[in-house]
Ligand code: OXD
Ligand code: MN
């Protein structure tokens, strides 16, 4: 018996009987255990140590070339009624889901070690944290879980006290894409994932538990599990505000979370709490508080350099795992946009001469403990989390969305979040439909019907009279030649300052049908090369363009049928009517 909790021991025994591993290892989460795993992987050839002088304690893992990203088409939510999973998820009945994957797990761990990883999502002593146990046959998964979660003995003790935990079963199987499934059983708090070793498919604490299963639990229990980074912004006067931002994958959450203030804003400081996931709960006073359930970052490597994200660039020079990047002749990791060194080998391990493809896979990743981050906030470990002043949504919109605007109230903010989207192809004026809709940046991660999810968001208005304000930002506006209108990166702090000033009622705004917009002069552009007419463009709306957008969004809502809350429809129609009024006036 390796645990005092009979339900856990029984599950581990059942899994072992089905998967037939050679042996079982219960993870303790110690540094020695991590180093032993690394040595084993180096001996097996699945991990390569990088240059110990310039990249101490860093390793490179090259995955199977067919296994480099999340697989949304193979990701399922298994509920009794298909309607409960909603049009936003692939669905299977629980009976069929179990039958399909259980057959693939038969004997899957033969010849392998089975690892049992007890983990805690969130600070070990936080009432908002939730625990899980992942069983896996992948040493790479164990090592990544060590960096990404609080795993090991302390988590097991909490699980034994609480008696409940999310069950995550994972095997890399034979990496055959035809035998790959990521299955979620929210009513059983269970995840089964087979056939992939990639982070989002295999580190079950992350997207599977902390978003898909947790969003389901959060709805039942009155909180939110969101695809949001969390950051603290401290002014030179020492006033700190915390914000939670949801942008679709690969829209710069990690960069924003680690922002370095521009020279023109001396004395400002950024404190990073998380770069990907936030769990938001109300405290006794009705204040929404956030914890980051993770304790590490699993970030996209290409494009990381001193200009885009100096903190990340520095934090991955030690104690990091790289997955699918290239390598220099000096055995340093290399990626497109690194801005120094030359690749000698590509992400497949082959010699690289630049004639074919990229040296690093576009979705190559770093894994590091959050404490590596120079701007790490010690409050990331605070059991009570941090108070959230503002929720910020965003996406990549070349033309439509202004640099920043504020929702008129909570209900309107839910509409703003529900209409988040990112352009996937070059969209000319008018072609606003060419976007991937990604409500609240949760399209791949909401574990239940979006209609019910929006209703859950709306219902929070009844829980508190001091909800955070809701904003939308867009760093990606372009001119006709494809040049970005706003410099982005550290300069985004200028926009965050406006958001904070709004929260403190220190600055006015212009009311429009789509929300409150800044006066161009209310965003400080000193030392920036952004002409006044560009600032006017960045802080105004094109009514006709927004009418098309509103119409597209209404059609999108139709896809969710009668699960769409009436209040959301009302809000969409209110915006449509107000836009129409202006269009008629100016016609
Ligand atoms: C991620 C994602 O890996 O959103 O964080 O895809
Ligand atoms: Mn993400």
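Observations
- One chain, two ends: residue 178 and residue 234. Fully extended at 0.36 nm per residue, the span grows by 15.2 nm beyond their Cα-Cα distance.
- With the gyration tensor restricted to C-alpha atoms of the stretch 94-147, the semi-axes of the equivalent ellipsoid amount to 26, 17, 7 Å, longest first.
- Two-decimal Rg/Rh across the chain, once Rg and the Kirkwood Rh are taken from alpha-carbon atoms: 0.96
- Taking 19 Å as the cut-off, the amide N atoms of the stretch 371-406 that come nearer than this to a point 7 Å along the Cα-to-beta-carbon line of residue 555 belong to 398-401.
- If you take the Cα centroid of the stretch 367-390 and the Cα centroid of the stretch 278-352, the two points sit 17 Å apart.
- Whole-angstrom gap from the stretch 473-519 to the stretch 1-19, using each part's C-alpha centre: 53
- Taking the stretch 10-48 and a reference point 7 angstrom along Cα→Cβ of residue 153, the backbone N atoms nearer than 14 Å belong to 26-34.
- Peptides 53-64, 352-363, ordered by how many other C-beta atoms sit within 10 Å of their residues on average, highest first, read 53-64, 352-363.
- Estimated distance in nm for a label pair at residue 369 and residue 161, the labels positioned 7 Å out from Cα along Cα-to-Cβ: 2.2
- Ascending count of other beta-carbon atoms within 10 Å, so fewest first, for 301, 12: 12, 301
- Nearest 10 degrees, 0 to 90: helix 450-459 Cα axis against the chain principal axis: 60
- The angle between the Cα long axis of helix 6-19 and the main principal axis of the chain comes to about 70°, on a 0 to 90 degree scale.
- Dimensions (Å) - the stretch 296-372, Cα atoms, principal axes, largest first: 37, 22, 22
- Degrees separating the helix 543-558 axis from the principal Cα axis of the chain, which is the longest one: 40
- With both labels modelled 7 Å from their Cα along Cα-to-Cβ, the residue 28 to residue 505 distance reads 5.7 nm.
- Relative contact order (%) - criterion: Cα under 8 Å, at least six apart; region: the chain: 14
- Exposure proxy shown here: for 276, 465, the number of other Cβ atoms within 10 Å sets the order, fewest to most, as 465, 276.
- Inter-part distance where the stretch 128-173 and the stretch 214-234 are each reduced to a Cα centre, Å: 20
- When 530, 42, 392 are arranged by Cβ crowding within 10 Å, least crowded first, meaning fewest neighbours, the order is 42, 530, 392.
Readers should treat all values here as calculations from the given coordinates under stated rules, not as data from a laboratory. Because the structure is predicted, anything quoted here is derived from the model rather than measured. Neighbour counts run over all protein chains shown; Cβ positions are idealised from the backbone, glycine included.
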